[in-house]
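Have a look at the structure below before the remarks.
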Amino acid sequence: MITRGFKGRRPPPETSGRIPPGQSLTTDFPVLSAGPTPRVDLASWSFTLKVGPKRLASWNWDEFNALPQVEVHADIHCVTKWSKLDTTWRGVSIDELLSAAGVAAPTRFLLAHSYDGYSTNVPTEDVVGGKGIIALTYGGEPLAPEHGGPARLLVPHLYFWKSAKWVNALQFTERDEAGFWELRGYHMYGDPWREQRYTGD
């Protein structure tokens, strides 16, 4: 993992109930990733929904940005024990993507895939019903590459490794298939309030 700029501190009293167990508050936005930051050309960018290997729908950058967008205000929590409060994101909800594709969620599980080969698993119920978006902006600005731009999955109620950076596909799967970190000992679900960091937690 790569990290910089993390200055953790004990949560002040006014954040009571917002910081999960074992976490420290940061006002920075630490950068962590499994490898180098890919530089994605918007002219060739695409996003695909699929079931197994079968494509359901895909969009280029302009088509994707033309979809209705929502703004999300959320606290985020990293498995490396930092939490950042009151973050603001804007993007396309997973509900909207399914609607635009003309389908209901076809399976109970999915894998998010990224331009750098990263993947992570998330139960479908954790991204529908307004719980997940494909984020395009952070803090009112286009999402920076080091934070997953041009687009990243955002599932803020789970540990942040589940919010895949540089996302380019959601693949619905019949079973709960492990992604990159899950194959290396991270928890299959990743609930910060239950401290589900690693297998067995």
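Looking only at the stretch 78-88, decide whether some residue is among the hydroxyl-bearing types (S, T, Y) and surrounded by 20 or more Cβ atoms within 10 Å (Cβ to Cβ).
Yes: the stretch 78-88 contains one or more residues that are among the hydroxyl-bearing types (S, T, Y) and surrounded by 20 or more Cβ atoms within 10 Å (Cβ to Cβ).
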From the list A144, A66, which one is under 16 Å from V31 (Cβ atoms) and free of Cβ contacts under 8 Å to residues at least 24 places away in the same chain? A144
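Can you tell me which residue within the stretch 168-201, out of those that are in a helix (DSSP H, G or I) and either in contact with a Phe, Trp or Tyr (Cβ under 8 Å, 6 or more places away or on another chain) or among the aromatic types (F, W, Y) (or both), is most open to solvent (accessible area, probe 1.4 Å)?
Filtering the stretch 168-201 for residues in a helix (DSSP H, G or I) gives 182-184, 192-194.
Checking which are either in contact with a Phe, Trp or Tyr (Cβ under 8 Å, 6 or more places away or on another chain) or among the aromatic types (F, W, Y) (or both) leaves us with 192-193.
Working: P192: 0, W193: 118 Å².
Among those that are in a helix (DSSP H, G or I) and either in contact with a Phe, Trp or Tyr (Cβ under 8 Å, 6 or more places away or on another chain) or among the aromatic types (F, W, Y) (or both), it is W193.
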Out of the stretch 49-71, which residues are open to solvent by less than 30 Å² (accessible area, probe 1.4 Å) and either over 26 Å from T107 (Cα atoms) or within 16 Å of the chain's Cα centre (by Cα) (or both)? L49
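Condition test on A144, is it within 30 Å of Q23 (Cβ to Cβ), of a type in the set (A, V, I, L, M, F, W, C) and surrounded by fewer than 17 Cβ atoms within 10 Å (Cβ to Cβ)? Walk me through it before giving the result.
Details: within 30 Å of Q23 (Cβ to Cβ): yes; of a type in the set (A, V, I, L, M, F, W, C): yes; surrounded by fewer than 17 Cβ atoms within 10 Å (Cβ to Cβ): yes.
For A144, the condition - within 30 Å of Q23 (Cβ to Cβ), of a type in the set (A, V, I, L, M, F, W, C) and surrounded by fewer than 17 Cβ atoms within 10 Å (Cβ to Cβ) - is met.
I need a count of the residues in the stretch 34-66 that are of a type outside the set (K, R) and closer than 29 Å to R175 by Cβ. Spell out the reasoning first.
Here is the first cut: in the stretch 34-66, the residues of a type outside the set (K, R) are 34-38, 40-49, 51-53, 56-66.
Within this subset, residues satisfying the condition of being closer than 29 Å to R175 by Cβ are 34-35, 38, 46-49, 51-53, 56-59, 64.
Total meeting the criteria: 15.
Being assigned to a loop (DSSP other than H, G, I, E, B), closer than 20 Å to D191 by Cα and out of contact with any helix residue (DSSP H, G or I) (no Cβ under 6 Å at 6 or more places or on another chain) is the filter here; which residues of the stretch 16-28 pass it?
Here is the first cut: in the stretch 16-28, the residues assigned to a loop (DSSP other than H, G, I, E, B) are 16-23, 26-28.
Those left that are additionally closer than 20 Å to D191 by Cα: 16-23, 26.
Matches in the stretch 16-28: S16, G17, R18, I19, P21, G22, Q23, T26.
Taking G35, is it at pLDDT below 90, open to solvent by less than 30 Å² (accessible area, probe 1.4 Å), under 20 Å from the mean Cα position of the chain (by Cα) and of a type in the set (G, A, S)?
Details: at pLDDT below 90: yes; open to solvent by less than 30 Å² (accessible area, probe 1.4 Å): yes; under 20 Å from the mean Cα position of the chain (by Cα): yes; of a type in the set (G, A, S): yes.
Yes.
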Filter the strands (runs of 3 or more DSSP E) completely within the stretch 59-165 down to those with at least 3 residues that are among the hydroxyl-bearing types (S, T, Y). 82-93
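The values are calculated or read from the model by the stated rules, or taken from the named source; none is laboratory data. Owing to the predicted nature of the structure, the values given are computational and were not obtained by experimental measurement. Note that each Cβ is placed from the backbone with ideal geometry, even for glycine, and that neighbours are counted across all protein chains shown. The protein model used for the area step is the full one, side chains on, heavy atoms only, and it has no ligands, DNA or RNA in it. Shrake-Rupley method; radii C 1.70, N 1.55, O 1.52, S 1.80 Å.
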